[in-house]
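Visitor: One structure is given below, represented as C-alpha cells, and several questions about it will come after.
The numbers here are math on the coordinates, done by the rules we state, and not lab data. Being a predicted model, the structure only gives us computed values, none of them experimental. Cβ atoms come from the backbone with ideal geometry, glycine included; neighbour counts cover every protein chain shown.
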Amino acid sequence: MIEIRIHGRGGQGNVAAAYILASAAYEDGRHSQAFPNFGAERRGAPVTAFVRIADAPFSRRCQVIHPAFLVVQDEALLHVPGVTDGLLPGGGILVNSTRSTEELKAQMGLEIVALPANAMARKILGRPVPNTALLSAFLALTGMVSLDALVKGLGQRFKGDVLTRNTELVNEAAKMVPVGLWKEKNHAANA
C-alpha cells in the first residue's frame, strides 16, 4: 500500500485532488481510498487530504501518519510545523512553487520537486488552481497510475470545456518533471 498526504489551503482543490487521484487509481484497476481532514473550514485555511493506493483490498481507515509522498499545493506550507512530519525515509515531496527544485532541496534538505502549478493552471484553466497540474506531475514522477486513468478520473468530475482544458493541463504538467524519477520510491513504498 502506498500512502500519500496532500497539503493545501481551502479553495485550492485539495480535497478534490485526493478524490481524483483515488478515482484514477480505481480506473487503473487498483484499490484506493481518499478522505480529507479539515481544521477551520474557510478559504485559505490549511487543509490536509489523504490517499491510499494498493493492489489488494485493505481495511486501514486512519489518517496517513507516515506517507511515502507529500503533495504540497502551497509552498508556504513547507514552513508550517508538522507538514513534513512522518515522511518515510527517502520519500518525495512535490511542491507548487516558482522556485527551482535545486533551491528548495538545498533549503529543506529533502527530496523535493518543484512545479509552477499555479502559473500553469492560470494559463490553461484561467484560474490558479494547482491540483490537476500537481496530480499529473506526481503521476509522471512515480508511474503509480497512468495519465489516461487520471483523465478518466477527471472525467468523473468535469465535462465539456473544463475537462478539455484540464486534460491539456495534465499533458503539459507531465512534461515539466523528470518522468519516472520516483518510480523506484514507488516500488519501495509498495513492497
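Visitor: For the chain, what does the helix formula give at 222 nm: sum of -39500 (n - 2.57) over DSSP H segments with n ≥ 4, over the residue count, nearest 500 deg cm²/dmol?
Guide: Result for the chain, helices only: -12000 deg cm²/dmol.
Visitor: What is the Cα convex hull volume of region 116-163 when expressed per residue in Å³?
Guide: Roughly 67 Å³ of hull volume per residue.
Visitor: Filter the trypsin sites (Lys or Arg not before Pro) in region 42-86 to those in DSSP coil with at most 16 other Cβ atoms within 10 Å of their Cβ, and list the result.
Guide: When the trypsin sites (Lys or Arg not before Pro) of region 42-86 are filtered for loop state and at most 16 Cβ neighbours within 10 Å, Arg42, Arg43, Arg60, Arg61 remain.
Visitor: List the residues whose amide H sits under 5 Å from the amide H of Arg99, counting only those 5 or more places along or on another chain, with H placed 1.01 Å from N in the peptide plane.
Guide: Here nothing satisfies the definition.
Visitor: To the nearest 20 Debye, how big is the dipole of region 2-190 about its Cα centre, given +1 on the beta carbon of each Lys and Arg and -1 on that of each Asp and Glu?
Guide: Dipole magnitude for region 2-190 comes out near 440 debye.
Visitor: Still on this model: Give me, ordered by chain and number, the residues 5 or more places off Gln33 or on other chains with an amide H under 5 Å from its own placed amide H.
Guide: Under 5 Å from the amide H of Gln33: Arg52.
Visitor: Right, something else. Trypsin sites (Lys or Arg not before Pro) within region 73-169: which are DSSP loop residues with at most 15 other Cβ atoms inside 10 Å?
Guide: Numbers: sites: Arg99, Lys105, Arg122, Lys123, Lys152, Arg157, Lys159, Arg165; in loops: Arg99, Arg157, Lys159.
Of the trypsin sites (Lys or Arg not before Pro), the ones in loops of region 73-169 whose Cβ has at most 15 other Cβ atoms within 10 Å are Arg99, Arg157, Lys159.
Visitor: Taking the Cα atoms of region 1-110, report the difference between the largest and smallest coordinate on each principal axis, in whole Å and largest first.
Guide: 39, 33, 22
Visitor: So what is Rg over Rh here for region 1-42, counting just Cα atoms and using Kirkwood for Rh?
Guide: Taking Rh as the inverse mean 1/r over Cα pairs, Rg/Rh reads 1.01.
Visitor: Hey, how much of the P(r) for region 2-190 falls beyond 24 Å, as a percent of Cα pairs?
Guide: 30 percent
Visitor: Multiply the residue gap between Arg157 and Arg127 by 0.36 nm, knock off their C-alpha separation, and tell me the result in nm, one decimal place.
Guide: Length gained between Arg157 and Arg127: 9.1 nm.
Visitor: Take the Cα atoms of region 103-188, find their three principal axes, and give me the spread along each one in whole Å, biggest first.
Guide: So the three principal-axis extents are 41, 27, 17 Å.
Visitor: A further question on this structure: In nanometres, what is the gap between the two model label sites at Ala56 and Arg9, each 7 Å from Cα along Cα-to-Cβ?
Guide: So the label points at Ala56 and Arg9 sit 4.3 nm apart.
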